[in-house]
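Quick notes on the structure that follows.
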Amino acid sequence: MTTVPPTTTVPPTSSVPGGGSGPVGPVTSGKSQPAGLAYTSTKGVTAYAKPGALVVAGRDNYADPAFTQVAKAGGHVLVYLDPIIDNPHGRYHTMLFEASECGPVVPNWPGNPKASQWGVLSDFRVGGVLQNKLGCVLEKMVAENPTISGFFADDVGSRSWFPNIDWNRWSASDQQAYRDGAIAVTRTMRQVADKHGLIVMVNGTWTAGGLGPSGGGYPDAAKDGNALADGGMVEHHDGQVNFFGKYACGDQWAAQSATTRGSQLMYSISMSEADRAAYAASGCFAYTGTQASYDAVPAPWGEFHPVGLPAR
(Lines give C-alpha, C1' and ligand atoms only; values in the text may rest on other atoms or scores of the structure.)
Protein backbone atom coordinates (compact mmCIF):
# COMPACT_ATOMS: atom_id res chain seq x y z
CA MET A 1 0.00 0.00 0.00
CA THR A 2 1.10 3.57 -0.61
CA THR A 3 3.23 5.27 2.04
CA VAL A 4 3.55 9.05 1.88
CA PRO A 5 6.07 10.72 4.19
CA PRO A 6 4.91 13.77 6.11
CA THR A 7 6.51 16.85 4.55
CA THR A 8 5.52 20.43 4.01
CA THR A 9 4.96 20.00 0.28
CA VAL A 10 2.77 16.91 0.28
CA PRO A 11 0.00 15.58 2.26
CA PRO A 12 1.39 16.29 5.72
CA THR A 13 2.60 12.87 7.67
CA SER A 14 -10.72 14.93 -20.88
CA SER A 15 -14.20 14.27 -20.93
CA VAL A 16 -15.43 10.72 -20.45
CA PRO A 17 -18.43 9.41 -22.39
CA GLY A 18 -21.32 8.21 -20.26
CA GLY A 19 -22.19 4.56 -20.02
CA GLY A 20 -23.87 2.09 -17.75
CA SER A 21 -26.96 2.93 -15.76
CA GLY A 22 -25.40 5.17 -13.13
CA PRO A 23 -26.65 5.13 -9.55
CA VAL A 24 -30.09 3.91 -8.57
CA GLY A 25 -30.63 7.20 -6.77
CA PRO A 26 -28.57 10.28 -5.93
CA VAL A 27 -25.23 9.36 -4.35
CA THR A 28 -25.06 11.01 -0.95
CA SER A 29 -22.42 9.81 1.47
CA GLY A 30 -24.10 11.18 4.61
CA LYS A 31 -22.29 10.72 7.91
CA SER A 32 -19.17 8.58 7.85
CA GLN A 33 -19.60 4.82 8.20
CA PRO A 34 -17.31 1.80 8.63
CA ALA A 35 -15.22 0.22 5.87
CA GLY A 36 -12.46 -2.37 5.76
CA LEU A 37 -9.52 -3.38 3.59
CA ALA A 38 -9.25 -7.16 3.28
CA TYR A 39 -5.89 -7.26 1.49
CA THR A 40 -4.56 -10.56 2.82
CA SER A 41 -7.39 -12.20 4.75
CA THR A 42 -11.18 -12.30 4.67
CA LYS A 43 -11.42 -12.55 8.46
CA GLY A 44 -14.19 -10.23 9.64
CA VAL A 45 -15.52 -9.43 6.15
CA THR A 46 -19.01 -10.85 6.66
CA ALA A 47 -19.69 -8.29 9.42
CA TYR A 48 -19.91 -5.82 6.52
CA ALA A 49 -22.80 -7.65 4.84
CA LYS A 50 -25.04 -4.61 5.31
CA PRO A 51 -26.53 -2.02 2.93
CA GLY A 52 -23.99 0.72 2.27
CA ALA A 53 -20.96 -1.05 3.75
CA LEU A 54 -17.65 -1.00 1.85
CA VAL A 55 -14.85 -3.57 1.74
CA VAL A 56 -11.80 -3.75 -0.50
CA ALA A 57 -10.76 -7.23 -1.65
CA GLY A 58 -7.09 -8.06 -2.20
CA ARG A 59 -4.96 -9.44 -5.01
CA ASP A 60 -5.89 -13.08 -4.59
CA ASN A 61 -8.83 -13.38 -2.17
CA TYR A 62 -11.44 -11.48 -4.22
CA ALA A 63 -13.34 -14.68 -5.16
CA ASP A 64 -14.00 -15.63 -1.54
CA PRO A 65 -17.73 -16.17 -0.84
CA ALA A 66 -17.52 -13.61 1.98
CA PHE A 67 -17.35 -10.80 -0.58
CA THR A 68 -20.37 -12.14 -2.46
CA GLN A 69 -22.23 -12.20 0.85
CA VAL A 70 -21.42 -8.51 1.37
CA ALA A 71 -22.61 -7.60 -2.11
CA LYS A 72 -25.82 -9.63 -1.90
CA ALA A 73 -26.68 -7.86 1.37
CA GLY A 74 -26.39 -4.45 -0.29
CA GLY A 75 -22.78 -3.72 0.60
CA HIS A 76 -20.09 -2.76 -1.90
CA VAL A 77 -16.90 -4.62 -2.83
CA LEU A 78 -13.95 -3.06 -4.66
CA VAL A 79 -11.20 -5.24 -6.12
CA TYR A 80 -7.56 -4.21 -5.68
CA LEU A 81 -5.29 -3.51 -8.66
CA ASP A 82 -1.87 -1.84 -8.59
CA PRO A 83 -0.80 -0.95 -12.15
CA ILE A 84 2.16 1.14 -10.99
CA ILE A 85 4.49 -1.38 -9.29
CA ASP A 86 5.53 -4.37 -11.39
CA ASN A 87 4.46 -7.08 -8.96
CA PRO A 88 2.67 -9.93 -10.80
CA HIS A 89 1.29 -11.63 -7.68
CA GLY A 90 -2.41 -12.41 -8.11
CA ARG A 91 -4.43 -13.37 -11.20
CA TYR A 92 -5.15 -9.88 -12.53
CA HIS A 93 -1.65 -8.58 -11.84
CA THR A 94 -0.20 -11.59 -13.68
CA MET A 95 -2.61 -10.89 -16.54
CA LEU A 96 -1.56 -7.23 -16.62
CA PHE A 97 2.21 -7.48 -16.24
CA GLU A 98 3.06 -10.80 -17.88
CA ALA A 99 2.23 -12.10 -21.35
CA SER A 100 -1.47 -12.98 -21.40
CA GLU A 101 -4.57 -12.89 -23.55
CA CYS A 102 -4.56 -9.12 -22.95
CA GLY A 103 -1.13 -8.52 -24.50
CA PRO A 104 2.65 -8.91 -24.16
CA VAL A 105 4.90 -8.45 -21.13
CA VAL A 106 4.87 -4.94 -19.64
CA PRO A 107 8.38 -3.46 -19.46
CA ASN A 108 9.73 -1.57 -16.49
CA TRP A 109 10.00 2.19 -16.42
CA PRO A 110 13.25 3.26 -18.15
CA GLY A 111 16.18 2.79 -15.81
CA ASN A 112 14.34 0.13 -13.76
CA PRO A 113 13.73 2.39 -10.74
CA LYS A 114 13.02 0.36 -7.61
CA ALA A 115 9.89 1.85 -6.11
CA SER A 116 9.79 -0.01 -2.81
CA GLN A 117 10.34 -3.42 -1.29
CA TRP A 118 7.38 -4.61 -3.35
CA GLY A 119 8.87 -4.06 -6.78
CA VAL A 120 10.12 -1.93 -9.65
CA LEU A 121 8.15 0.88 -11.26
CA SER A 122 6.23 -0.37 -14.29
CA ASP A 123 6.28 1.54 -17.56
CA PHE A 124 2.78 2.99 -17.45
CA ARG A 125 3.54 5.88 -19.78
CA VAL A 126 0.89 6.93 -22.27
CA GLY A 127 0.87 4.73 -25.38
CA GLY A 128 2.81 1.88 -23.76
CA VAL A 129 2.00 -1.79 -23.36
CA LEU A 130 0.41 -1.42 -19.92
CA GLN A 131 -1.97 1.29 -21.09
CA ASN A 132 -3.00 -0.88 -24.04
CA LYS A 133 -3.62 -3.94 -21.82
CA LEU A 134 -5.37 -2.28 -18.90
CA GLY A 135 -8.86 -2.10 -20.36
CA CYS A 136 -8.81 -5.80 -21.21
CA VAL A 137 -7.77 -6.71 -17.66
CA LEU A 138 -10.47 -4.52 -16.13
CA GLU A 139 -13.12 -6.11 -18.34
CA LYS A 140 -11.93 -9.55 -17.18
CA MET A 141 -12.27 -8.42 -13.57
CA VAL A 142 -15.85 -7.31 -14.17
CA ALA A 143 -16.84 -10.44 -16.12
CA GLU A 144 -15.39 -12.80 -13.53
CA ASN A 145 -16.70 -10.89 -10.50
CA PRO A 146 -20.23 -9.76 -11.37
CA THR A 147 -21.09 -8.62 -7.83
CA ILE A 148 -18.28 -6.06 -7.43
CA SER A 149 -18.98 -2.34 -7.20
CA GLY A 150 -15.70 -1.14 -8.67
CA PHE A 151 -11.93 -0.93 -8.70
CA PHE A 152 -9.44 0.05 -5.98
CA ALA A 153 -6.41 1.52 -7.77
CA ASP A 154 -3.41 1.39 -5.46
CA ASP A 155 -0.42 3.73 -5.92
CA VAL A 156 -2.20 5.71 -8.66
CA GLY A 157 -1.39 9.36 -8.05
CA SER A 158 -0.10 12.36 -9.97
CA ARG A 159 3.41 12.05 -8.51
CA SER A 160 5.56 9.41 -6.83
CA TRP A 161 5.93 9.16 -3.08
CA PHE A 162 7.71 5.81 -3.22
CA PRO A 163 10.49 5.59 -0.61
CA ASN A 164 13.16 4.51 -3.10
CA ILE A 165 12.40 7.14 -5.74
CA ASP A 166 13.79 10.67 -5.36
CA TRP A 167 11.10 12.60 -7.20
CA ASN A 168 12.99 15.87 -6.91
CA ARG A 169 15.83 14.44 -9.00
CA TRP A 170 13.54 13.45 -11.85
CA SER A 171 13.49 15.72 -14.89
CA ALA A 172 10.39 17.79 -15.52
CA SER A 173 9.67 15.71 -18.63
CA ASP A 174 9.81 12.46 -16.65
CA GLN A 175 7.61 13.93 -13.94
CA GLN A 176 5.12 14.98 -16.60
CA ALA A 177 5.21 11.50 -18.18
CA TYR A 178 4.45 9.99 -14.75
CA ARG A 179 1.51 12.34 -14.21
CA ASP A 180 0.17 11.80 -17.74
CA GLY A 181 0.43 8.03 -17.36
CA ALA A 182 -1.46 8.09 -14.07
CA ILE A 183 -4.19 10.22 -15.64
CA ALA A 184 -4.44 7.76 -18.53
CA VAL A 185 -4.79 4.85 -16.08
CA THR A 186 -7.68 6.58 -14.34
CA ARG A 187 -9.26 7.50 -17.66
CA THR A 188 -9.32 3.85 -18.75
CA MET A 189 -10.68 2.81 -15.37
CA ARG A 190 -13.36 5.49 -15.64
CA GLN A 191 -14.42 4.32 -19.10
CA VAL A 192 -14.77 0.69 -17.99
CA ALA A 193 -16.43 1.69 -14.72
CA ASP A 194 -18.98 3.92 -16.45
CA LYS A 195 -19.80 1.14 -18.91
CA HIS A 196 -20.79 -1.13 -16.02
CA GLY A 197 -22.06 1.38 -13.44
CA LEU A 198 -19.02 0.95 -11.17
CA ILE A 199 -16.80 3.25 -9.13
CA VAL A 200 -13.06 3.94 -9.09
CA MET A 201 -11.20 4.65 -5.85
CA VAL A 202 -7.54 5.69 -6.00
CA ASN A 203 -4.90 5.27 -3.30
CA GLY A 204 -2.40 7.87 -4.40
CA THR A 205 -2.36 11.65 -4.02
CA TRP A 206 -3.88 14.17 -6.42
CA THR A 207 -2.86 17.22 -4.46
CA ALA A 208 -3.29 20.76 -5.74
CA GLY A 209 -0.09 22.47 -6.81
CA GLY A 210 2.85 22.33 -9.15
CA LEU A 211 4.18 19.23 -10.87
CA GLY A 212 7.36 19.03 -8.82
CA PRO A 213 6.12 19.58 -5.28
CA SER A 214 2.61 18.14 -5.50
CA GLY A 215 1.86 16.50 -8.85
CA GLY A 216 -1.39 18.43 -9.11
CA GLY A 217 -5.03 17.49 -9.34
CA TYR A 218 -6.90 16.66 -12.55
CA PRO A 219 -8.02 18.26 -14.80
CA ASP A 220 -7.12 21.45 -12.94
CA ALA A 221 -3.71 20.94 -11.36
CA ALA A 222 -4.40 23.86 -9.02
CA LYS A 223 -7.28 21.97 -7.40
CA ASP A 224 -7.29 18.88 -5.20
CA GLY A 225 -8.74 15.65 -6.55
CA ASN A 226 -9.07 13.65 -9.75
CA ALA A 227 -12.31 14.11 -11.68
CA LEU A 228 -11.99 10.61 -13.17
CA ALA A 229 -12.04 8.93 -9.74
CA ASP A 230 -15.12 8.61 -7.57
CA GLY A 231 -12.95 9.04 -4.51
CA GLY A 232 -9.63 8.35 -2.90
CA MET A 233 -8.12 6.69 0.13
CA VAL A 234 -6.14 8.50 2.80
CA GLU A 235 -4.04 5.76 4.37
CA HIS A 236 -2.36 6.06 7.78
CA HIS A 237 -2.03 9.85 7.88
CA ASP A 238 -2.81 10.21 11.56
CA GLY A 239 -2.72 13.76 12.86
CA GLN A 240 -3.11 15.25 9.37
CA VAL A 241 -6.86 15.72 9.17
CA ASN A 242 -6.54 19.48 8.68
CA PHE A 243 -4.70 18.87 5.41
CA PHE A 244 -6.60 15.84 4.21
CA GLY A 245 -10.03 17.11 5.21
CA LYS A 246 -9.64 19.93 2.69
CA TYR A 247 -8.16 17.51 0.16
CA ALA A 248 -11.10 15.12 0.49
CA CYS A 249 -13.64 17.92 0.06
CA GLY A 250 -12.13 19.09 -3.23
CA ASP A 251 -14.93 19.71 -5.73
CA GLN A 252 -12.95 18.12 -8.57
CA TRP A 253 -13.44 14.55 -7.32
CA ALA A 254 -15.90 12.46 -9.38
CA ALA A 255 -16.75 15.38 -11.68
CA GLN A 256 -16.34 13.14 -14.75
CA SER A 257 -17.99 10.04 -13.28
CA ALA A 258 -21.23 8.84 -14.85
CA THR A 259 -21.78 6.68 -11.76
CA THR A 260 -21.55 9.11 -8.85
CA ARG A 261 -21.84 12.32 -10.91
CA GLY A 262 -19.71 14.59 -8.79
CA SER A 263 -20.46 13.08 -5.37
CA GLN A 264 -17.16 11.79 -4.05
CA LEU A 265 -16.80 8.77 -1.77
CA MET A 266 -13.61 9.23 0.26
CA TYR A 267 -12.14 6.63 2.61
CA SER A 268 -9.59 7.07 5.40
CA ILE A 269 -7.75 4.38 7.33
CA SER A 270 -6.23 5.45 10.65
CA MET A 271 -3.93 3.86 13.18
CA SER A 272 -6.00 4.97 16.18
CA GLU A 273 -9.70 5.29 16.96
CA ALA A 274 -9.22 8.92 18.00
CA ASP A 275 -7.78 9.76 14.60
CA ARG A 276 -10.53 7.85 12.80
CA ALA A 277 -13.11 9.88 14.70
CA ALA A 278 -11.35 13.10 13.68
CA TYR A 279 -11.48 12.14 10.01
CA ALA A 280 -15.14 11.19 10.35
CA ALA A 281 -15.91 14.52 12.03
CA SER A 282 -14.30 16.44 9.16
CA GLY A 283 -17.44 15.76 7.13
CA CYS A 284 -15.51 14.82 4.00
CA PHE A 285 -15.11 11.05 4.37
CA ALA A 286 -17.92 8.68 3.46
CA TYR A 287 -15.94 5.83 5.01
CA THR A 288 -13.46 5.67 7.89
CA GLY A 289 -11.76 2.83 9.68
CA THR A 290 -9.05 1.97 12.18
CA GLN A 291 -6.72 -0.64 10.72
CA ALA A 292 -3.03 -0.84 11.58
CA SER A 293 -2.49 -3.96 9.45
CA TYR A 294 -4.38 -5.91 6.82
CA ASP A 295 -4.42 -9.43 8.25
CA ALA A 296 -8.07 -8.99 9.28
CA VAL A 297 -10.89 -6.51 8.75
CA PRO A 298 -11.76 -4.65 11.97
CA ALA A 299 -15.17 -5.01 13.57
CA PRO A 300 -17.47 -2.22 12.36
CA TRP A 301 -17.21 0.78 14.67
CA GLY A 302 -20.74 2.03 13.92
CA GLU A 303 -23.91 1.65 11.88
CA PHE A 304 -24.22 1.38 8.10
CA HIS A 305 -26.48 3.24 5.68
CA PRO A 306 -26.97 3.14 1.88
CA VAL A 307 -25.15 5.79 -0.15
CA GLY A 308 -27.10 5.41 -3.40
CA LEU A 309 -24.76 3.13 -5.34
CA PRO A 310 -26.38 0.35 -7.39
CA ALA A 311 -26.96 -2.92 -5.56
CA ARG A 312 -25.27 -5.96 -7.09
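The values are calculated or read from the model by the stated rules, or taken from the named source; none is laboratory data. Just so you know, these numbers come straight off a predicted model, no measurement behind them. As a convention, Cβ positions derive from the backbone with ideal geometry for all residues, glycine included, and neighbour counts pool all protein chains shown.
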- prompt: Quick check: anything in segment 250-264 part of a loop (DSSP other than H, G, I, E, B) and in contact with a Leu (Cβ under 6 Å, 6 or more places away or on another chain)?
  reply: yes
query: So, of the residues in segment 188-221 that are surrounded by 20 or more Cβ atoms within 10 Å (Cβ to Cβ) and charged (D, E, K, R), which turns out to be nearest to Phe243 (Cα to Cα)?
result: Arg190
- request: Would you confirm whether any residue within segment 108-129 is modelled with pLDDT of 95 or more and within 30 Å of Pro65 (Cβ to Cβ)?
  value: no
Condition met for Ser268 (among the polar types (S, T, N, Q), crowded, with 18+ Cβ neighbours inside 10 Å and in contact with a Gly (Cβ under 6 Å, 6 or more places away or on another chain)): no
field: Residue that is farthest from Gly103 (Cα to Cα), among those in segment 133-153 that are touching an Asp or Glu at 6+ places or on another chain (Cβ under 8 Å) and buried (at least 24 other Cβ atoms within 10 Å of the Cβ)
entry: Gly150
query: Would a scan of segment 163-173 turn up a residue that is at pLDDT 95 or above, in a loop (DSSP other than H, G, I, E, B) and either crowded, with 22+ Cβ neighbours inside 10 Å or under 17 Å from the mean Cα position of the chain (by Cα) (or both)?
result: no
- prompt: Where residues in segment 222-239 are under 13 Å from Phe285 (Cβ atoms) and of a type outside the set (Asp, Glu), which of them is surrounded by the most Cβ atoms within 10 Å (Cβ to Cβ)?
  reply: Gly232
message: Against the definition (at pLDDT 95 or above, over 15 Å from the mean Cα position of the chain (by Cα) and under 19 Å from Pro110 (Cα atoms)), how does Asp194 come out, yes or no?
response: no
- prompt: Could you list, in sequence order, the residues of segment 74-114 that are crowded, with 18+ Cβ neighbours inside 10 Å and either aromatic (Phe, Trp, Tyr) or in contact with a Pro (Cβ under 8 Å, 6 or more places away or on another chain) (or both)?
  reply: Gly75, Tyr80, Tyr92, Leu96, Phe97, Trp109
